[in-house]
Amino acid sequence: MPEAPGAAQTPRIETFRSRSCWDLQAAWLGQQPDGALGQAQGHPWGAAHRPDWQARGLIIWPRGGQWHHLRLALPCPEPWQALRAEGRLLPCGGGIVARLTLRWWADQAELWVDGQRVHAGDLFDTSCRWRLPESWWQGQPLALELRLRSPLHDDGALISSAVVLEPAEPSDPLDLLAATKDSIAALRREAGGGQGALPLAGGRVHVLGHAHLDLAWLWPVADTWQAAERTFASALDLMERFEELHFAHSTPALYAWLEQNRPALFDRLQTAVVAGRFEPINGPWVESDCVLISTSSLLRQFQLGQHYSQRTFPALEHRLAWLPDSFGFGAGLPAVAQATGVDWFCTHKLFWNATNPFPHRLFRWRSRCGAELRALMTAPIGTDGDPVAIERYWLEWQAATGSPEALWLPGVGDHGGGPTAEMLEQLQLWRQQSLTTPRCQGSLRAYLAKLEPLAASLPVWRDELYLELHRGCATSRPDQKRHNRTLERLLRQAELARALAGFGGGVDWRPLLFQQFHDILPGTSIPEVFEQAEPQWRQARRQACRQRDQALHQWLGAGQRLEAGTPWWVCQLQPLAGRAQVVRLPRGLWQAEGQTLPQQPASCGGGWVQLPRLEGVVALPLQRHANLAPEPMPIANPVVCEQLPQGFGDPERWLLGNGLLQVEIGPEGIEQLWDRAGLPQLSGPLAWQRYRDAGEFWDAWDLAANYGDHPLPWQWQEPLQWLEQGPLCSRFVRRGQCGTSAVRLEGQLRAGCPWLEIGRAHV
């Protein structure tokens, strides 16, 4: 293996205070443009494509899943060997530890030492603190190889690499921690306006191990079960080595899977829960999206999660909604959560705001109905035991809240993982340093209990918690949104129909609730996730339809084949306001309660029929006849469609209305809309536009801030085409072209309907 440059291998180490860290960035060798090995730092590709990264000393290579191999021959520096020969350094078991510290940006990372793999990581497990062996101190160089693969969406980087010396004992007789202590002291001075900031009375950092685990994201759901098993087993194993470790994890759906499929591991977990070391922080069934789902779904998320948690962990109170990563939260969440016994809400996501920083870290979140949650903006998830980062966060927390005790959440996350032994060793070392804020490890419930006396003095937030980021999630993967809304409706219908029919038991909401996870429903996962979700959506929809229809047939006695002359039923299974609705039925003459119903042939088959006024949950029998003469009932709020006068060469303009609203349609599309009182509702024509959008960091998640500067051509074809015009329903279509895409815009107004239905589709 080629040797690294000599100057980089033998640094001048004058004192431990100034030279207990050895920067290795300049020593790594990598492949050069001519194929030979040379210095990896400062590669011409990085200078041309990522000069900002290169200026920071990063080792860079191209995106797209490309592997980058770095090599380094690492001897123990001669000054360290000399000091040890003089008896000033003890072996690693006696007073000093040497660690190879690495931090990367890569979706796969492997550290090989002398041909053996000693560490692996990924986009989420982005660092290591590997302890160098005794043989290294004895003068045996280590052959290091670092294998890194760049993310598909971003260039890869080795961010930092160094050998650091640490004391094996907290007393630190050789002053190896001096440089880090100086950094902490500088933070204190800055926070105290140059005077130094002393800890508040009782000030300390509450440390709780955690592992955020996305149920699907850059991996399919099947990988999640394996990650959960590894994460829980790792946490339980580490508890046997580190008696102070407390670990918390959310998501009842994961515990339910573990209980059913890994009973032995689940028994170990239950034992740790009883001992107070492993803490379920369960609220909703999954860490769901909280913007796109209905209130009914949100209620079921909390009901099912609470029911499972109370049954499975009866010794604990379950009063917490733990949602650190969901993409915003609707204003009604406090009311739903409180109705299920929850009074604490925790997230970190609002710190991701791209424009306006969220103003509070500790506050009361109040719904319009007066329901209220105590809310905590947590420390970042997926952090480590870095003492400087911990101290910085504690100082920010006390300045923002006036509360002396902050919460820190070490542990690899997103793909699970939790705390590592290296993190815990680092925390253990700094826990006993007098300069740092005192630390303790304990449960989340104990921490929140200490904050509750502050509730009366906390600010109140009376709105949704809008995330100023990931705005593209509302339209990414529209198939998932359609599946979600359809299944929500079917489950509510099936639930009510079964109740009306007197059927025991309910319907199974779990397939829907699982797919509402905050990376599935928003459409931010990899394609495989949605491919595998498709049959689950369809199966759940078929099951809900069967349950609804079986219950309706039982309740209404409509089990016979529906033929001409036999009774039909119209069922309204939602408590809607009274309205004479227009629906499309098979051709025939229809009666209800002995009266003939208004009808109109439909261009798409069958006929439009206006039902009598229906209000609330109701079932109305209908009769279908082949021939019927009686005069139909009068039409409620009939549709009137008329062409406006036009001069020679002027484009066509139309007025469409039903007494509840009126619409003017012209060459610019829907040019104005008036409400029932005749007040205009549009400041200008309703324009369909398209823009080039490259996203920001996540293409499927974000809208570029400057997307409005890049409009794409859009051309409508004239004239407007009427698909049907009648007193019960009038429909029009407008066709156009946007780039290579043919676009079809449909509009529809029905009698008695207080809104205009419009939809756009690519054809």
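Numbers below:
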| item | result |
| --- | --- |
| Test: residue in the stretch 687-707 that is crowded, with 16+ Cβ neighbours inside 10 Å, of a type in the set (A, V, I, L, M, F, W, C), modelled with pLDDT under 95 and under 30 Å from P634 (Cβ atoms) | no |
| Test: residue in the stretch 206-220 that is surrounded by 22 or more Cβ atoms within 10 Å (Cβ to Cβ), closer than 30 Å to P404 by Cβ and β-branched (V, I, T) | yes |
| Of all residues making up the stretch 119-145, the number that are part of a loop (DSSP other than H, G, I, E, B), over 44 Å from the mean Cα position of the chain (by Cα) and of a type in the set (S, T, N, Q) | 2 |
| Subset of the stretch 267-283 [of a type outside the set (A, V, I, L, M, F, W, C) and modelled with pLDDT of 95 or more] | D267, R268, Q270, T271, G276, R277, E279, P280 |
| Single unsatisfied condition, A694 versus (1) free of Cβ contacts under 8 Å to residues at least 40 places away in the same chain; (2) in contact with a strand residue (DSSP E or B) (Cβ under 6 Å, 6 or more places away or on another chain); (3) part of a loop (DSSP other than H, G, I, E, B) | (2) |
| Every residue from the stretch 395-433 that is part of a loop (DSSP other than H, G, I, E, B) and more than 28 Å from the chain's Cα centre (by Cα) | G402, S403, P404, Q432, Q433 |
| Among (1) part of a loop (DSSP other than H, G, I, E, B); (2) surrounded by 12 or more Cβ atoms within 10 Å (Cβ to Cβ) - the single one Q737 does not satisfy | (1) |
| Close pairs from the stretch 625-638: first farther than 26 Å from D675 by Cβ, partner surrounded by 10 or more Cβ atoms within 10 Å (Cβ to Cβ) and at pLDDT below 75, Cβ under 6 Å, at least 6 apart | A626/A564 |
| Candidate set from the stretch 490-526 (those that are surrounded by fewer than 17 Cβ atoms within 10 Å (Cβ to Cβ) and at pLDDT 95 or above); member that is farthest from the chain's Cα centre (by Cα) | D508 |
| Elements of type helices (runs of 4 or more DSSP H) contained in the stretch 434-525, each with 2 or more residues being outside the structural domain of M377 (by TED's automatic domain parsing) | 478-501, 510-515 |
| Search result, residues across the stretch 233-253 that are of a type in the set (G, A, S) and surrounded by fewer than 16 Cβ atoms within 10 Å (Cβ to Cβ) | A233 |
| Tabulated pairs, the stretch 423-434, first closer than 14 Å to F242 by Cβ, second of a type in the set (D, E), C-beta under 6 angstrom, 6+ apart or interchain | M423/D384 |
| Any chance R750 is over 30 Å from A577 (Cα atoms) and either crowded, with 16+ Cβ neighbours inside 10 Å or touching a residue at least 12 places away in the same chain (Cβ under 8 Å) (or both) | no |
| Subset of the stretch 697-728 (residues that are touching a residue at least 60 places away in the same chain (Cβ under 8 Å) and of a type in the set (D, E)) | D699, D702, E718, E724 |
| L409 being out of contact with any helix residue (DSSP H, G or I) (no Cβ under 7 Å at 6 or more places or on another chain), in contact (Cβ under 8 Å) with a residue 12 or more places away in the chain and over 16 Å from L458 (Cβ atoms) | yes |
| Matching entry among Q301, Q306 (being in a helix (DSSP H, G or I), within 18 Å of the chain's Cα centre (by Cα), of a type outside the set (A, V, I, L, M, F, W, C) and surrounded by 18 or more Cβ atoms within 10 Å (Cβ to Cβ)) | Q301 |
| Tally of residues being closer than 30 Å to A98 by Cβ and buried (at least 21 other Cβ atoms within 10 Å of the Cβ) across the stretch 385-413 | 11 |
| Elements of type strands (runs of 3 or more DSSP E) contained in the stretch 330-377, each with 3 or more residues being aliphatic (A, V, I, L, M) | 372-377 |
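One line per residue, one yes/no per condition, for (1) surrounded by fewer than 16 Cβ atoms within 10 Å (Cβ to Cβ); (2) without any contact (Cβ under 8 Å) to a residue 60 or more places away in the chain; (3) small (G, A, S); (4) not in a helix (DSSP H, G or I):
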| position | (1), (2), (3), (4) |
| --- | --- |
| Y255 | no, yes, no, no |
| L258 | no, yes, no, no |
| G276 | yes, no, yes, yes |
| N282 | no, yes, no, yes |
| W285 | no, no, no, yes |
| I293 | no, no, no, yes |
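The values are calculated or read from the model by the stated rules, or taken from the named source; none is laboratory data. Computed from a prediction, not measured in an experiment: that's the story for all the values here. Virtual Cβ from ideal backbone geometry, glycine too; neighbours counted across all protein chains shown.
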